[in-house]
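First up is the structure itself, then whatever we jot down about it.
The values are calculated or read from the model by the stated rules, or taken from the named source; none is laboratory data. Quick caveat, the model's predicted, so the values are computed rather than measured. A quick note on method: Cβ atoms are made from the backbone with ideal geometry, for glycine too, and the neighbour counts reach across all protein chains shown. Surface areas here come from the heavy atoms of the whole protein model, side chains and all, with no ligands, DNA or RNA. Shrake-Rupley method; radii C 1.70, N 1.55, O 1.52, S 1.80 Å.
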Amino acid sequence: MNPEMIRIVDGLARDKNIDKDLVLGDLEAAMESAIRKKFGQDEEVTVAIDRITGAIEATVNGEPISMADLGRIAAQTAKQVMIQRIREAERGSIFEEYTERKGTIVTGTVARVEGGALIVNVGRTEGFLPRSEQIPGETHQPGERVRCLILDVREAPHQVKIILSRSHPDFIRRLFELEVPEVAEKIIEIKALSREAGYRTKVAVSSIDTKVDAVGACVGVRGSRIKNIVDELNNEKIDIVRWNESSQILISNALKPAEIQDTALCFELGRATVVVPEEQLSLAIGKRGQNVRLAARLTGWDIDILTPKEYNKGLDRLASTLKKIEGVDEMIAERISLLGMISVADVSEVGTKPLIEELSLAEDLAAKIVEACGTESKLVEQEVAAEKSAAAQALAEAAARQAAAPAEAETAPEAASDGAASADSTESSASSEAIGESTVEGSESATTNGESPATVS
């Protein structure tokens, strides 16, 4: 009977999250290695451990032996084999556990910083948070608690590598599941999500229960729920968008707070042309194009934003081009624009197939339309290039004038000071000449007056 060993095996299996039979099997293999170390590798060795009592039965060539007689070297061999087997089993257990938890949020403690990457203690092992998966501008100190998404789990030599992330879009999804019970219960569904980590995120949500307002539930009372998520993300802006099956309405919602006047969808190009007032243009585009870029990712459409003047200019150019083609009337031109093609470049890019299939036009007529629009689009490109060149030249000239203005302003005081200095030198020269003359006259007067009466006589 060896109940002490069974108790130790139970504790080891529980701490390392390893199956008890696996630990006992590793122990048997370690004992076999120790016996072979003592008696030779070619001997027939068997070791059996009773799973209930812990009794050990070992034989060499059928003869029973006592494990206590093996000696120190054999015992050391058994120890090394046991440690190696337990480590391998633990790595396998960690790999299986964290593979199942892949895509979930884990809370850990920053252990250390290595070349910008963070090593995070996540319990049984350490996770790796590379710089590329960190939120830009965010810093962490050793000992600080941090939430991360388990992005990937890989088997590496002698270890299991757990890749963590805080910049992945799924990190936002999991935070919403933690903070908003309706999302976790699938009453509210996150239909789409686009993110630029550290700056802004757009989330499109919908509710399967008409009594539950998807946007209001995600925001919470006085913004309490969304505030917790924003705080976790180091004040990253989050826009919650109401989902709609209509692409036009969804694009309009995604571009908020900008007000949209009209939206034209071209399914052939996967492009949406959005018309906004002139004063709303910068708001719709966003800082460095961020708002329209996130809206495009959220909706799955390429979004072009135009002012009414630009939109109407493209339509007028298309209409005038189509009128020149024999066999094309106003009805055909209008049907082409209803397909979302609002410029000659769009028609040229789409080709003849949609015109034949959607509008039932003759193949030769469709080819004429595409050819005419292609020729016109090249002219438009040349005009645009010329306008850009003229604008660039005007900007360069304006910059040159602005650069020359301070130089002229600096030159004017210098010229004035040179003139004043010249006048001063002239005046001083004249004064010295006058002083010289008066000196000569004075000396003559003094000499005449200084003659003695004897000399005069």
Exercise. Treating the beta-carbon of each Lys and Arg as +1 and of each Asp and Glu as -1, no other charges, what is the dipole magnitude of the stretch 309-381 about its Cα centre, to the nearest 20 debye?
Worked result: 240 debye
Problem set entry | Scattering curve values for the stretch 122-202, log₁₀ I(q)/I(0), Debye with Cα scatterers, q = 0.12 Å⁻¹ | -0.43
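Figure the gain on full extension for Glu383 and Ala398 (residue separation times 0.36 nm, minus the Cα-Cα span) and round it to one decimal in nm. Before the final figure, lay out the partial values.
Working: separation 15, 0.36 × 15 = 5.40 nm, distance 2.23 nm.
The span from Glu383 to Ala398 would gain 3.2 nm if fully extended.
If N is the number of residues in the stretch 102-165, what value comes out of its Cα radius of gyration divided by 2.2 N^0.38 Å?
Working: Rg = 10.9 Å, N = 64, 2.2 N^0.38 = 10.7 Å.
Rounded to two decimals, the normalised Rg is 1.02.
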Exercise. On the first, second and third principal axes, largest extent first, how far apart are the outermost C-alpha atoms of the stretch 309-381 in Å?
Worked result: 32, 21, 20
Seminar exercise, completed: For the stretch 257-306, whose charge dipole is built from +1 on Lys and Arg Cβ atoms and -1 on Asp and Glu Cβ atoms, the candidate among Ala296, Leu281, Gln261 with its Cα farthest towards the positive end is Ala296
Problem set entry | For peptides 237-245, 360-368, 152-160, sequence by mean Cβ density within 10 Å, most packed first | 237-245, 360-368, 152-160
Exercise. At a 1.4 Å probe radius, carbon and sulfur cover how many percent of the accessible area of the chain?
Worked result: 51 percent
Problem set entry | Efficiency of FRET from Cβ geometry, Asp209 and Asn121, R₀ 35 Å, rounded to 0.05 | 0.30
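Mind pulling the per residue volume of the convex hull built on the Cα atoms of the stretch 3-97? Å³ is fine. Intermediate results must be reported in sequence, preceding the final value.
On the way: hull volume 9.1 nm³, N = 95.
In the stretch 3-97, the Cα convex hull volume per residue is 96 Å³.
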Problem set entry | ³J(HN,Hα), Karplus 6.51/-1.76/1.60, whole Hz, each residue of the stretch 266-281, x for Gly, Pro | 10, 5, 5, 9, x, 10, 10, 9, 10, 9, 10, x, 3, 6, 9, 4
Exercise. Counting pairs of Cα atoms in the chain, how many percent are more than 29 Å apart?
Worked result: 73 percent
Problem set entry | Among Ala399, Cys218, Ala29 the positive-end extreme of the charge dipole of the chain (Cβ point charges) | Ala29
Exercise. Over the stretch 168-243, what is the percentage of antiparallel beta bridges among all DSSP beta bridges, to the nearest 5?
Worked result: 55 percent
For this session: Please work out the Cα center distance from the stretch 81-125 to the stretch 235-314, rounded to the nearest Å.
Result: 44 Å
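So what is the calculated 222 nm ellipticity per residue for the chain, using -39500 (n - 2.57) for each DSSP H run with n of 4 or more, over all residues, to the nearest 500 deg cm²/dmol?
Details: 16 runs with 246 residues, N = 457.
Estimated from H runs of four or more residues: -17500 deg cm²/dmol.
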Seminar exercise, completed: A chain fully extended from Asn244 to Thr107 at 0.36 nm per residue, minus the present Cα-Cα distance, gains in nm 45.9 nm
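With +1 on the Cβ of every Lys and Arg and -1 on the Cβ of every Asp and Glu, and nothing else charged, how large is the dipole of the stretch 102-165 about its Cα centre, in debye rounded to the nearest 20? Walk me through the intermediate numbers first.
On the way: 8 positive and 7 negative charges, 28 e Å.
Taking the Cα centre of the stretch 102-165 as origin, the dipole is about 140 debye.
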For this session: Give me the accessible area per residue for the chain, probe 1.4 Å, as a whole number in Å².
Result: 58 Å²
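Kindly work out what percent of the DSSP beta bridges joining two residues of the chain are antiparallel, to the nearest 5. Working shown, then result.
On the way: 42 of 55 bridges.
If we restrict to bridges inside the chain, about 75 percent are antiparallel.
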Seminar exercise, completed: Between the modelled labels at Arg131 and Ser224 (7 Å from Cα along Cα→Cβ) the distance in nm is 4.1 nm
Exercise. Toward the positive end of the charge dipole of the chain, about the Cα centre and with charges on Cβ (Lys, Arg +1; Asp, Glu -1), which of Gly116, Gly62, Ile305 goes farthest?
Worked result: Gly62
Problem set entry | Test item: Cα-centred dipole of the chain, Lys/Arg +1 and Asp/Glu -1 on Cβ, debye | 2660 debye
Problem set entry | the stretch 122-130 - phi-based ³J(HN,Hα) in whole Hz, Karplus 6.51/-1.76/1.60, Gly and Pro as x | 10, x, 6, 8, 10, x, 10, 10, x
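Can you run the Rg to Rh ratio on the stretch 193-296? Use alpha carbon positions and the Kirkwood inverse-distance Rh. Before the final figure, lay out each step's value.
On the way: Rg = 14.7 Å, Rh = 14.9 Å.
A ratio of 0.99.
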Exercise. What per residue convex hull volume, in Å³, do the alpha-carbon atoms of the stretch 257-306 yield?
Worked result: 67 Å³
For this session: With 21 Å as the limit, write out which pairs from Lys161/Lys186; Lys38/Lys79; Lys191/Lys353; Lys256/Lys287; Lys16/Lys38 have Cα-Cα distances beyond it, or answer none.
Result: Lys161/Lys186; Lys191/Lys353; Lys16/Lys38
